[in-house]
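Notes follow once the structure below has been shown.
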Protein chains: 2
Amino acid sequence: MSGVLETVQKDSLIEKGRKAKAAAAIMAQMTTAQKDEALRLISAQLLKEQEFILGENEKDVQAGRGAGMSESLIDRLKLDESRLAEIASALRQVAELKDPVGEVLEQWERPNGLQMEKIRVPLGVVGMIYEARPNVTVDASSLCLKTGNAVVLRGSSTAIHSNKALVSVIHHALEKSALPIDAVQLIEDTSRETAAQMFKLNNYLDVLIPRGGAKLIQTVVSNATVPVLETGAGNCHVYIDDTADVDMALKIALNAKTQRPSVCNSCETVLVHQAWADQHLGQLIDALQQQGVEIHGDKAAQQWDGVATATETDWATEYLGLEVAVKVVDTTGEAIDHINTYGTKHSEAIISETDDSIVEFFNKVDAAAVYHNASTRFTDGFEFGFGAEIGISTQKLHARGPMGLPALTSTKYLIRGNGQIK
Amino acid sequence: MSGVLETVQKDSLIEKGRKAKAAAAIMAQMTTAQKDEALRLISAQLLKEQEFILGENEKDVQAGRGAGMSESLIDRLKLDESRLAEIASALRQVAELKDPVGEVLEQWERPNGLQMEKIRVPLGVVGMIYEARPNVTVDASSLCLKTGNAVVLRGSSTAIHSNKALVSVIHHALEKSALPIDAVQLIEDTSRETAAQMFKLNNYLDVLIPRGGAKLIQTVVSNATVPVLETGAGNCHVYIDDTADVDMALKIALNAKTQRPSVCNSCETVLVHQAWADQHLGQLIDALQQQGVEIHGDKAAQQWDGVATATETDWATEYLGLEVAVKVVDTTGEAIDHINTYGTKHSEAIISETDDSIVEFFNKVDAAAVYHNASTRFTDGFEFGFGAEIGISTQKLHARGPMGLPALTSTKYLIRGNGQIK
């Protein structure tokens, strides 16, 4: 790459950062009504320009097929009328949600008379880095606009026509609204160099949110100097205690593994208490195998036909497919140790009728969401009742678990005095 | 450095991380009573081993003097009976504070019957990186222990004797308590290599908190892959509006600048509305100069004797001493733009009797703490009534402004079901 070209690209990214930052200052002043109106305008514009969007999306799909992209990736990339209608509908739903900005979180008075108030404010500029799912372009924009933020989008090169089309449609809608067009910026240069630069754009970005596979997230975490909201990786467990109800345990283990194996809150290892295993491990293995699940088991599980040998690697693997690891443990404590050693602190479930075991599991398992007698598949902003989700945080700072609108806000102290000095 | 030595050091740091992580799991289970008892034991042990601590501290002070350390740094490094008594007293005060761990933040039920609960939990392992202030060794330990965390301390090489002594005394006290000794780890190897390694110790540290000068903080932010809680830098402003009460404005500007110029919440630039300046700028400059403050002024301020020319650099400088920049502005909006351009989003004050100006300032200034008719010097965990402070966050994620005990916690969702699947 020539030095001149590099300079042009850098300026272009910085220019987008600068515009987003200026737009963020305006966005912070927008009323809830103005923001909601803009979301409805975007929703309508998406439907109005449907033909254009689907045409541009088709270019990406064709290019993907030409490059040998897998059908599951093509499926994530592809838009059609019904998917676009869903995206447009989601925008109207976000418009209905409560606006967290301006909410008074705390109020108190100090002995010296200072009136203290803590309120929610927008984060500022949110950087989104994601893979070939064009719906994220609209989802992320809508959640950021609703919370008074500006957003800088960096999607995959394989979705670039779709993303350019969607952002141009968003801009057409914003032109009719009170919101600044610059509040939604798309980085059209999808080179690695520009992504690397985005990771360190501390002057313009307040947070980076990577959405995608483990590799993408690891790259962002390892290289970013902008604060990162880490999302995604889920090596989740279902632990079946000795007193677990048999039908319930089978039903939950199957659901957690097979209902949608490609997502982060699906189950990757089933841990089974020795006493339950003695009676019912065969049933569990049968049920999983009948659903086409390939099983990697410890010594005890290997006594059943078709169970492969689980290695250390299996305990740490997020299969994201119809595979599962199975291990028999002697106590709830052993299950907890296994989870805290190999888990990714995402979602963990105990199936049990023993209060002591449940309490121990709730207290000692270190994860964003800990379940008793329910499937791990509920870890999701919609299932939690947040009405929206920007991702599922697997870190402990700022937000943990499903992130709804408040995760896109910060706080500010407003302090009213009458001449106080220290 | 030989390869072998390097390996030994690396193992040692990882070993400390591993021990801290194991201790964190135990710490999360400790009751408030057990934690408070440990803090009181540490307080007593510090006084009991006072002679040993002061002797070791004297070694650092002598070495510092020998190396030509400035007297202000020596003053920060030096411990004496009265300072040690203050440190011991602070420990007992932390023991009296409310324990945030276990607090139920939200509770709700989903239509499918899932019982949702969001509670506060410890962060896990906190990494502290700080300069030659041995009191931070004890303060940080006490706040981390109170919140059920383990802590890995990395102080300055120039305070290494003091820090080793203090941590050994903490360990003596912990031996008598229910808490694990390993909950407080000191990195004795203060090389840059080990610090660089600590920045990337993601497997063992949940957060890094740098405390010290801008350079230290910048180094951590630029190099860490562990999430960082950024603290410290404060380029704070006092804006005197046209309707500001003259006495109040003078009193607050002087207080914010001179009461303790070396701290982050002191004022670095005074912005003055043209109309107020016409009548009172001379008084303000006189008052500041009488307190020995060197003034860097814009054209308007330069009309007074002894006012140096302010450059672009002055607007961005955190003097941390008896220097101030002064600028005359035409409107509140111009003051806000100046603050949002040059400020560090820490503490900003408006002195005014005009409601519209105050509302505009509160709405548009992007900072952790915004004041009306009060000094910026109140931005502090104690002045806010938190009873403790781990630092003042200048970032927008997780915690903003003075960080009390809750900033050292994360959350966890506990979900109770009766067989729910998706």
Scan of region A:318-332 for residues that are closer than 21 Å to A:Thr258 by Cβ and open to solvent by 40 Å² or more (accessible area, probe 1.4 Å), ordered by number:
A:Glu318, A:Leu320, A:Leu322, A:Glu323, A:Lys327
Residue under question is A:Gly102, and the condition is that it be on the phi > 0 side of the Ramachandran plot and under 21 Å from the mean Cα position of the chain (by Cα); does it hold?
no
How about region B:380-422: which of its residues are more than 8 Å from chain A (Cβ to nearest Cβ) and part of a loop (DSSP other than H, G, I, E, B)?
B:Asp380, B:Gly381, B:Phe382, B:Phe386, B:Gly387, B:Ala388, B:Glu389, B:Ile390, B:Thr394, B:Ala399, B:Gly404
Among residues of region A:369-379, those that are facing chain B (nearest Cβ under 7 Å) and in contact with an Asp or Glu (Cβ under 9 Å, 6 or more places away or on another chain), counted:
5
Top-ranked residue in region A:195-225 [being among the charged types (D, E, K, R) and within 11 Å of chain B (Cβ to nearest Cβ); ranked as least open to solvent (accessible area, probe 1.4 Å)]
A:Asp206
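Each row is one residue, and each column tells you yes or no for (1) modelled with pLDDT of 95 or more; (2) open to solvent by 10 Å² or more (accessible area, probe 1.4 Å).
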residue: B:Glu193; (1), (2): no, yes
residue: B:Pro227; (1), (2): no, yes
residue: B:Glu230; (1), (2): no, yes
residue: B:Gly234; (1), (2): no, no
residue: B:Asp241; (1), (2): yes, no
residue: B:Met248; (1), (2): yes, yes
residue: B:Ala256; (1), (2): yes, no
residue: B:Ser262; (1), (2): no, yes
residue: B:Thr269; (1), (2): yes, no
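Here's the yes/no breakdown for (1) at pLDDT 95 or above; (2) more than 10 Å from every other protein chain (Cβ to nearest Cβ):
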{"residue": "B:Trp108", "(1), (2)": "yes, no"}
{"residue": "B:Pro111", "(1), (2)": "yes, no"}
{"residue": "B:Gly127", "(1), (2)": "yes, yes"}
{"residue": "B:Tyr130", "(1), (2)": "no, yes"}
{"residue": "B:Thr137", "(1), (2)": "yes, yes"}
{"residue": "B:Cys144", "(1), (2)": "yes, yes"}
{"residue": "B:Ile160", "(1), (2)": "yes, yes"}
Can you name the residue in region B:359-375 that is closer than 18 Å to B:Thr394 by Cβ and of a type in the set (Gly, Ala, Ser) and is also surrounded by the most Cβ atoms within 10 Å (Cβ to Cβ) among such residues?
B:Ala369
Tell me whether region B:125-132 contains one or more residues that are surrounded by fewer than 22 Cβ atoms within 10 Å (Cβ to Cβ) and assigned by TED's automatic domain parsing to the domain that holds B:Asn223.
yes
Against the conditions (1) closer than 25 Å to B:Ala24 by Cα; (2) open to solvent by 10 Å² or more (accessible area, probe 1.4 Å); (3) in contact with a helix residue (DSSP H, G or I) (Cβ under 6 Å, 6 or more places away or on another chain), where does A:Thr394 fall short? Just the number, please.
(3)
Look at A:Ala33 and say whether it is within 14 Å of chain B (Cβ to nearest Cβ), surrounded by fewer than 20 Cβ atoms within 10 Å (Cβ to Cβ) and free of Cβ contacts under 8 Å to residues at least 12 places away in the same chain.
no
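The values are calculated or read from the model by the stated rules, or taken from the named source; none is laboratory data. Because the structure is predicted, anything quoted here is derived from the model rather than measured. Cβ coordinates were reconstructed from backbone atoms using ideal geometry, including for glycine residues, and neighbour counts include every protein chain displayed. The protein model used for the area step is the full one, side chains on, heavy atoms only, and it has no ligands, DNA or RNA in it. Shrake-Rupley method; radii C 1.70, N 1.55, O 1.52, S 1.80 Å.
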